Amino acid sequence: GQNIDQPTEMTATEGAIVQINCTYQTSGFNGLFWYQQHAGEAPTFLSYNVLDGLEEKGRFSSFLSRSKGYSYLLLKELQMKDSASYLCVGGSGAGSYQLTFGKGTKLSVIP
Amino acid sequence: DSGVTQTPKHLITATGQRVTLRCSPRSGDLSVYWYQQSLDQGLQFLIQYYNGEERAKGNILERFSAQQFPDLHSELNLSSLELGDSALYFCASSVTENTEAFFGQGTRLTVV
């Protein structure tokens, strides 16, 4: 099975940098995704890490450490529209692949 | 627009009834996932299909069933509905099983 933990809520100021942490315990782990979900809307894909290290994509970066079962999503130059839930998602299995979603971190960006 | 189409967008029905939710995946995607999201809850994985075959089952109730057809669209059938089944039901699709999934806009089911 899988267990994904991430903070429930965070607040940050417009223009600042925020780091959302995620720890996972999973068998057959083979990748970690981050999704963004605005209230009442569908999740949208942000990033996918398979190997250890940092993946940078514009204002968003994601880091993975497989040995520590740890990932983070880094958001720079925060904008009001970044207020959303950020979902840490573990991919596991081969042959019966599953995505297991964390409960999400609700980020509020304030002026 | 993710390319994943779910119908209907909204559904209101009474307890004890049966409904069918429909999902058309992105063109070329073989894998379809169904998720349930209750109010203020995380996404709960229900079931996954790959190229017509069931691949994985999550917390899916026995009253619920799903299938993926030869044209790769999928249907989620919910029967003997209860008030607690009221939720957003998302369908997602991906090219293969270990690539990013794209989500439809969801079907909001309200059981009264």
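The values are calculated or read from the model by the stated rules, or taken from the named source; none is laboratory data. All figures in this text were calculated on a predicted structure; none of them were measured in a lab. Because the Cβ atoms are built from the backbone with ideal geometry, glycine has one as well, and the counts that use them run over all protein chains shown. Surface areas here come from the heavy atoms of the whole protein model, side chains and all, with no ligands, DNA or RNA. Shrake-Rupley method; radii C 1.70, N 1.55, O 1.52, S 1.80 Å.
Tabulated results
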quantity	calculated
Positive-end residue, chain A charge dipole about Cα centroid, Cβ charges, pick of A:Ser61, A:Cys22, A:Thr105	A:Cys22
Debye intensity ratio I(q)/I(0), log10, chain B, q values 0.13, 0.18, 0.22 Å⁻¹ (C-alpha model)	-0.42, -0.82, -1.21
For chain B: accessible area per residue (Å², 1.4 Å)	47
Estimated vicinal HN-Hα couplings, Hz - the range A:4-17 in sequence order (Karplus 6.51, -1.76, 1.60; Gly, Pro = x)	10, 10, 8, x, 6, 9, 9, 10, 9, 9, 3, x, 7, 10
Accessible surface buried upon B-A contact (total; probe 1.4 Å; Å², nearest 100)	1600
Rg in Å to one decimal, and Dmax rounded to a whole Å, for the range A:11-97 via C-alpha atoms	13.4, 43
Share of carbon and sulfur in the accessible heavy-atom surface of the range A:65-106 [1.4 Å probe, %]	48
Extension gain, A:Glu14 back to A:Val50 (0.36 nm per residue minus Cα-Cα distance, nm)	9.9 nm
In Hz, Karplus ³J(HN,Hα) per residue of the range A:42-48 (6.51, -1.76, 1.60; θ = phi - 60°; x = Gly, Pro)	6, x, 10, 5, 10, 7, 9
Shielding of B:37-43 by partner chains, average beta-carbon count, 10 Å	5
Ranked packing of B:9-22, A:18-31, A:77-90, most packed first, by mean Cβ within 10 Å	A:77-90, A:18-31, B:9-22
Size descriptor, Kirkwood hydrodynamic radius, that averages inverse alpha-carbon separations across the protein assembly as shown, Å	17.9
